[in-house]
Amino acid sequence: MTIIRPSRSSDLDEIFSLESYWEYAPHWSKPQLEAELLRPDSIFLSAESPDSRLCGYFIGRVFGGDIQVLSVSVDPSYLRQSIAARLLDSAFSKARLSGCIRATLEVSEGNIPAFKLYQKLGFQIVGKRVKFYNDCSSALLMDKLL
Ligand SMILES: CC(C)(COP(=O)(O)OP(=O)(O)OC[C@H]1O[C@@H](n2cnc3c(N)ncnc32)[C@H](O)[C@@H]1OP(=O)(O)O)[C@@H](O)C(=O)NCCC(=O)NCCS
């Protein structure tokens, strides 16, 4: 069974590779990932397979009663195994314990897998930034009460 646990600095090489692999990931640099691990307002989780491979990660920040989802990615060989859903659920449980009442995020309208994931978890569209990204796709703003 894949476990969800707090990320560690020894995960960062694999997280960086995964970040770089996916078109829709935010493409953080290694120093940015290292800094994120140290932030007290960050929720940074890894999914680890039974054979100790990193198969996904989640990064979010807690701010003013919200958790903002910044990045979630899953290794291509582990897709559709509920890893992203479990990462998000674990992050939201932690966020609730920190006093958060809402999760917020922004997703490209072209990113169908992520949009479907967020919809399945109960997120609703609350706004749209037209032609927000470099490829001229729009950003959907989505929220969910925790
Ligand atoms: C989006 C992403 C994180 C989903 O990861 P995942 O572990 O495969 O997702 P899950 O298995 O938890 O999926 C949960 C639900 O989301 C929806 N979903 C996920 N991927 C989907 C797809 N490719 N097509 C349609 N629906 C999808 C489904 O409703 C799914 O439930 P089901 O499998 O019972 O039908 C993954 O595709 C990914 O890493 N994409 C690249 C990075 C990215 O775009 N991240 C988001 C922006 S930062």
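The values are calculated or read from the model by the stated rules, or taken from the named source; none is laboratory data. Treat the numbers as computed from the prediction; the structure is a model and nothing was measured. Note that each Cβ is placed from the backbone with ideal geometry, even for glycine, and that neighbours are counted across all protein chains shown. Keep in mind that these areas ignore ligands, DNA and RNA; they rest on the heavy atoms of the full protein, side chains included. Shrake-Rupley method; radii C 1.70, N 1.55, O 1.52, S 1.80 Å.
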About the Cα centre, charge dipole magnitude for the chain (Lys/Arg +1, Asp/Glu -1 at Cβ), debye | 540
Any idea what % of Cα-Cα pairs in the chain are farther than 22 Å?
-> 37
Could you work out the helix-only [θ] at 222 nm for the chain, with each DSSP H run of four or more residues adding -39,500 (n - 2.57) and the total divided by the number of residues, to the nearest 500 deg cm²/dmol?
-> -9000 deg cm²/dmol
What whole-number value in Å² describes the accessible area per residue of the chain for a 1.4 Å probe?
-> 56
How much of the accessible area of the chain, in percent, comes from carbon and sulfur atoms when a 1.4 Å probe is used?
-> 53
Stretched fully, the stretch from Arg102 through Ser29 gains (0.36 nm per residue minus C-alpha distance, one decimal, in nm) 23.5 nm
Taking a label point 7 Å from the Cα of Lys116 along the Cα→Cβ vector, which residues of the range 19-35 have an amide N closer than 20 Å to it?
-> 22-25
Counting pairs of alpha carbon atoms under 8 Å apart in space and at least six apart in sequence, what relative contact order in percent does the range 3-105 give?
-> 26
Extreme residue, positive dipole direction of the chain, given options Trp22, Ala91, Leu12 (C-beta unit charges) | Ala91
